[in-house]
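Okay, so here's the structure we're looking at.
Read-outs throughout are calculated quantities, based only on the coordinates presented, and are distinct from any laboratory measurement. What you see is a predicted model; the values in this text were computed from it and never measured. Virtual Cβ from ideal backbone geometry, glycine too; neighbours counted across all protein chains shown.
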Amino acid sequence: MDSPALLRPRAASNLPVQPATVVEDALNRPVRLFCFHLDDDSDISLTEARRYLDRDERQRARAFVSNRDGERFIRAHGCLRRILALQLNREPAALEFRLGPYGRPYLPGSGLSFNMSHSEGYAVCALSRSRSVGIDLEIHQPAFCFGPLLSMVFTETERNHLNEKSGAERRKLFYEFWTAKEALMKLTGLGLNLAPDTIELLLAGDRPCGFTRPLIDGMTLQHIDCAPFADTTLSCYLVTAPRQRNRNIVGITAGSNQAPQ
Ligand SMILES: CC(C)(COP(=O)(O)OP(=O)(O)OC[C@H]1O[C@@H](n2cnc3c(N)ncnc32)[C@H](O)[C@@H]1OP(=O)(O)O)[C@@H](O)C(=O)NCCC(=O)NCCS
């Protein structure tokens with residue numbers, strides 16, 4: 001569903017990247033999703049994006065070995081700032097991010113939960129005022145040799161499921177499973193510090209539709225169909241959970257598979 005309100009320019013910010021999509025979580029509360037391209041100026045020009053970055057982001061952009069990766073980073077962060085600024089009626093360059101203990105960015109006092117994911121020349125951002133969000137996007141890499149990873153990142157049940165498939169189907173399933181897990185790792189803010197093999201997917205056929213562990217009250221997992229990226233093969237999942245008062249992340253202790261306190 002399009003969200004026309006999000007497409008209206010405000011203050012000095014131009015249009016956010018399009019299209020904006022509103023999905024609903026299990027409790028019918030909105031999470032806004034944005035898709036943006038990083039390899040051309042269709043969603044943001046490099047010049048505009050560069051203007052918004054702070055010193056730390058400029059430094060990170062300079063550290064990339066390849067120009068293309070540096071430019072992708074600049075556009076991703078420029079777009080993220082523009083989207084968030086529009087929500088908060090602020091200037092993109094005025095936003096001051098803080099990082100959680102494992103690097104998850106947040107905006108203190110904003111009341112917004114947001115999360116960005118980028119893969120190759122594509123990026124997505126999810127944001128919500130009522131839910132905590134985690135999102136992951138992966139462009140499928142036909143040459144990526146994922147076999148050695150399977151025992152490290154999947155449970156036995158998940159591996160059995162994968163082992164029933166071969167070729168392109170197996171590759172697709174690998175990305176679907178991995179992306180769903182990573183969206184949860186990002187929701188918690190722990191990232192890879194939440195061991196992927198401690199997460200177990202609930203499957204509806206071949207599609208992840210939830211988690212059997214860790215169990216977090218009110219958590220939802222949704223497959224996201226990134227329509228603007230129809231020119232590539234990808235997997236994308238969004239996880240949401242109730243917001244916890246005075247916390248920027250959903251509480252799971254690294255290495256545990258217990259429900260949050
Ligand atoms: C978070 C993580 C899973 C990202 O994996 P990825 O597939 O390479 O990247 P994605 O494109 O999906 O997401 C990257 C974005 O997620 C956000 N992010 C960074 N750390 C995050 C975390 N711990 N939790 C949630 N989101 C995070 C940022 O916006 C980041 O964008 P940026 O790198 O351009 O700033 C991985 O980098 C990780 O585990 N990091 C933790 C590292 C750590 O422990 N750091 C501690 C010292 S800060």
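Here are a few things to note about the model shown:
- Computed packing ranks the peptides 158-168, 66-76 as 66-76, 158-168, most packed first, by mean other Cβ atoms within 10 Å.
- Backbone amide hydrogens, once placed in the peptide plane, bring His140 within less than 5 Å of Thr233, Leu234, Ser235, excluding anything fewer than 5 places away on its chain.
- Size of electric dipole in segment 4-242: Cβ of Lys, Arg +1 and of Asp, Glu -1, about Cα centre, debye, nearest 20: 760
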